[in-house]
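Structure record follows, encoded as structure tokens.
The values are calculated or read from the model by the stated rules, or taken from the named source; none is laboratory data. What you see is a predicted model, and the numbers here were worked out from it, not measured in a lab. Every residue, glycine as well, gets a Cβ built from its backbone with ideal geometry; the counts of neighbours run over all protein chains shown.
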Amino acid sequence: MEQTSSRDVRRCYTAHHPVHAAYYFAPEHDDWYALLGLDRGPTAYLAGRAAPLGRVGAGTVAAVFYNFNPALIARCLPRAWEAVSPERVLETRVRIVDACLTRLLGADAVASAEMAEAADLALRAVEGCGTAGRPMFAANAEAAVPDRPHLRLWHAATLLREYRGDGHVGLLVHAELDGLEALVTHSATGAHWKPSFLRSQRGWSARDWSAAQDRLRERGLLDGSGELTPRGQELRRDLEAETDRLDAAPYRRLGPDGTRRLTELAGAFSRTLLARDGMPLAEIGKH
């Protein structure tokens, strides 16, 4: 019997991830959370993403988010919960996703048979996920599954993203990379977010970044110019391969054909989102 390959796991995750991530970059995100009394920027992001955990403090959020500056989180939480309850944030989150995806994909796409099929496949994949050691996945899994297909797909894509992320965090701990060192090595691969964007979004200064680079040089993972050494490249390859391995369960649940079909369907929606500026592509890539 054909098995779902690690390549197919990665391709499927890459295909559906923009469906989840576009919400964070949508103008509706900060605008609608501001109406609840949340400051724009980090507070809106942190409260919106942490709301499934309940009325938690900065220490818990720093632990599970991992690569955000704990000082940034402490400035935002739990103060955000004085303005609005996590339950109200979760209700608003669904409305933001509805507005964002409808605007970017169009009314016909969100109501299409392809959207419904993609949502069903993604939710079936979620059935293969376990909660043990996966705090962000477990917290989001307690939320009710929405009725409308595009919201169901977003809900499932969010669960799959947090499931993968939880596993990745465990591997970073095992590799003895702190949150900032993880960002530095990730950025140094050259295929992801610019250092300036990561610093601004996660609350790190240029001095913090430079200090992390120095620590990584001492370990032989970065060279003098900030590029990954062969040892650093090997570490990042191993981390990504192990992340795929720990992320395989939902796609085994779908099987190879279902995984490829979800990749096809979600990939088409993601390409539309990206073509319509659903994510800040100018911030991807090296400085």
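The set of residues in region 115-132 that are within 14 Å of H155 (Cβ to Cβ) and assigned to a loop (DSSP other than H, G, I, E, B) comprises E127, C129. Note on region 177-225: residues that are in contact with a Lys or Arg (Cβ under 8 Å, 6 or more places away or on another chain) and among the polar types (S, T, N, Q) total 4.
Each residue in region 165-199 was checked for being more than 16 Å from the chain's Cα centre (by Cα), among the acidic types (D, E) and surrounded by 16 or more Cβ atoms within 10 Å (Cβ to Cβ), and 1 pass.
Inside region 200-257, residues that are at negative phi, surrounded by 13 or more Cβ atoms within 10 Å (Cβ to Cβ) and part of a loop (DSSP other than H, G, I, E, B) make up a count of 8. All of R40, R55 fail the test of being of a type in the set (K, R), under 17 Å from R75 (Cα atoms) and either touching a residue at least 12 places away in the same chain (Cβ under 8 Å) or surrounded by 22 or more Cβ atoms within 10 Å (Cβ to Cβ) (or both), apart from R55.
Of the set (1) more than 27 Å from R75 (Cα to Cα); (2) modelled with pLDDT of 95 or more, all apply to T189 but (2).
Considering only region 64-91, how many residues are touching a Phe, Trp or Tyr at 6+ places or on another chain (Cβ under 6 Å) and within 29 Å of L153 (Cα to Cα)?
0
Would you confirm whether any residue within region 24-33 is surrounded by fewer than 19 Cβ atoms within 10 Å (Cβ to Cβ), out of contact with any His (no Cβ under 6 Å at 6 or more places or on another chain) and under 30 Å from D257 (Cβ atoms)? No, region 24-33 has no match at all. From the list V61, V84, V94, the one residue that fits, being surrounded by 20 or more Cβ atoms within 10 Å (Cβ to Cβ), of a type outside the set (G, A, S) and either modelled with pLDDT of 95 or more or under 30 Å from R276 (Cα atoms) (or both), is V61.
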